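In what follows, a single structure is set out as structure tokens and then discussed.
The values are calculated or read from the model by the stated rules, or taken from the named source; none is laboratory data. The structure presented is a predicted model; accordingly, all values stated were derived computationally and were not measured. Cβ coordinates were reconstructed from backbone atoms using ideal geometry, including for glycine residues, and neighbour counts include every protein chain displayed. Quick note on the areas: whole protein, heavy atoms, side chains included, nothing else; ligands and nucleic acids left out. Shrake-Rupley method; radii C 1.70, N 1.55, O 1.52, S 1.80 Å.
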Amino acid sequence: MAVLRMEIALFLVIAFVAFIYFSAEKEQAALHKTFAVLLVTVLAHLALDGVTVYTVHHLDTVPGFLNDAVHRLFLGSMVLVIYLFYQYIAILVEEETGRPRRLDWPARIFLALAELGNFLLPITYTVTPEGNYSSGPYMLVPYGAVIFYLLLCAGLLTVNRKQIDKKKKAWEFDAR
């Protein structure tokens, strides 16, 4: 149950960050709204992760439909978190370069398709002596989302590299 303790610790850290963020005065720009939604979604995702750790290790006592529903909500929130990270980076790039976001529609369409796949693809559970875990075709959804949104972010940052202030580039080092 070390995993569950780590989940709780991470939840408390993110909850503390969210408390500080929501109690501070801030402007209501798109970037701030996206970050706020991201914080709340990450908290929900972590809570669902903790629940899935319990349910998957108690397959004999937790009803199958409940286990499936919690796992699908967990992976659905994971895809949403990844999308929100992309959205946050896209807004940052837009603010820095002044260029409008042109990849938002493909990102939203992919989000809708990923969530649909997450809720419709078959789910199975693998039982091992070390522990149980969910498996099946529905597990391809978060992997695909990570790849898709990572490529979108990399493309945004690469194409707009010259317009982003040197102080904000993580991949350039100060030669001083």
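For residue 112, all conditions in the list (1) open to solvent by 60 Å² or more (accessible area, probe 1.4 Å); (2) more than 30 Å from residue 29 (Cβ to Cβ); (3) aliphatic (A, V, I, L, M) hold save one; what is the number of the exception? Only one criterion in (1) open to solvent by 60 Å² or more (accessible area, probe 1.4 Å); (2) more than 30 Å from residue 29 (Cβ to Cβ); (3) aliphatic (A, V, I, L, M) is unmet by residue 112, namely (2).
Yes/no matrix, rows are residues, columns are (1) of a type outside the set (Gly, Ala, Ser); (2) closer than 23 Å to residue 29 by Cβ; (3) out of contact with any Asp or Glu (no Cβ under 9 Å at 6 or more places or on another chain):
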{"position": "69", "(1), (2), (3)": "no, no, yes"}
{"position": "76", "(1), (2), (3)": "no, no, no"}
{"position": "80", "(1), (2), (3)": "yes, yes, no"}
{"position": "86", "(1), (2), (3)": "yes, yes, yes"}
{"position": "92", "(1), (2), (3)": "yes, yes, yes"}
{"position": "98", "(1), (2), (3)": "no, yes, yes"}
{"position": "105", "(1), (2), (3)": "yes, yes, yes"}
{"position": "116", "(1), (2), (3)": "yes, no, yes"}
{"position": "122", "(1), (2), (3)": "yes, no, yes"}
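Kindly indicate whether residue 93 is under 16 Å from residue 159 (Cα atoms) and either out of contact with any strand residue (DSSP E or B) (no Cβ under 8 Å at 6 or more places or on another chain) or of a type in the set (D, E, K, R) (or both). Yes: the conditions hold for residue 93. Would you confirm whether any residue within the stretch 68-84 is in a helix (DSSP H, G or I), of a type in the set (Phe, Trp, Tyr) and open to solvent by 60 Å² or more (accessible area, probe 1.4 Å)? Looking for residues that are in a helix (DSSP H, G or I), of a type in the set (Phe, Trp, Tyr) and open to solvent by 60 Å² or more (accessible area, probe 1.4 Å), one finds none in the stretch 68-84, hence no.
Is it the case that some residue within the stretch 14-21 is more than 26 Å from residue 66 (Cα to Cα), outside any helix (DSSP H, G or I) and open to solvent by less than 60 Å² (accessible area, probe 1.4 Å)? Within the stretch 14-21, none of the residues are more than 26 Å from residue 66 (Cα to Cα), outside any helix (DSSP H, G or I) and open to solvent by less than 60 Å² (accessible area, probe 1.4 Å). Could we say that residue 93 is buried (at least 16 other Cβ atoms within 10 Å of the Cβ) and without any contact (Cβ under 8 Å) to a residue 40 or more places away in the chain here? Criteria not met by residue 93. Of all the residues in the stretch 36-64, those that are open to solvent by less than 60 Å² (accessible area, probe 1.4 Å), part of a helix (DSSP H, G or I) and either closer than 18 Å to residue 92 by Cα or touching a residue at least 24 places away in the same chain (Cβ under 8 Å) (or both) number 16. One residue stands out in the stretch 96-108 among those that are open to solvent by 20 Å² or more (accessible area, probe 1.4 Å) and in a helix (DSSP H, G or I): the one that is nearest to residue 124 (Cα to Cα), namely 108. Each residue in the stretch 25-35 was checked for being open to solvent by less than 50 Å² (accessible area, probe 1.4 Å) and either in a loop (DSSP other than H, G, I, E, B) or at pLDDT below 90 (or both), and 2 of them qualify.
Of the residues 38, 66, 48, which single one is in contact with a Leu (Cβ under 8 Å, 6 or more places away or on another chain), closer than 24 Å to residue 127 by Cα and of a type in the set (A, V, I, L, M)?
On inspection, the qualifying residue turns out to be 48.
Residues in the stretch 128-145 that are outside any helix (DSSP H, G or I) and surrounded by 13 or more Cβ atoms within 10 Å (Cβ to Cβ): 132, 133, 134, 136.
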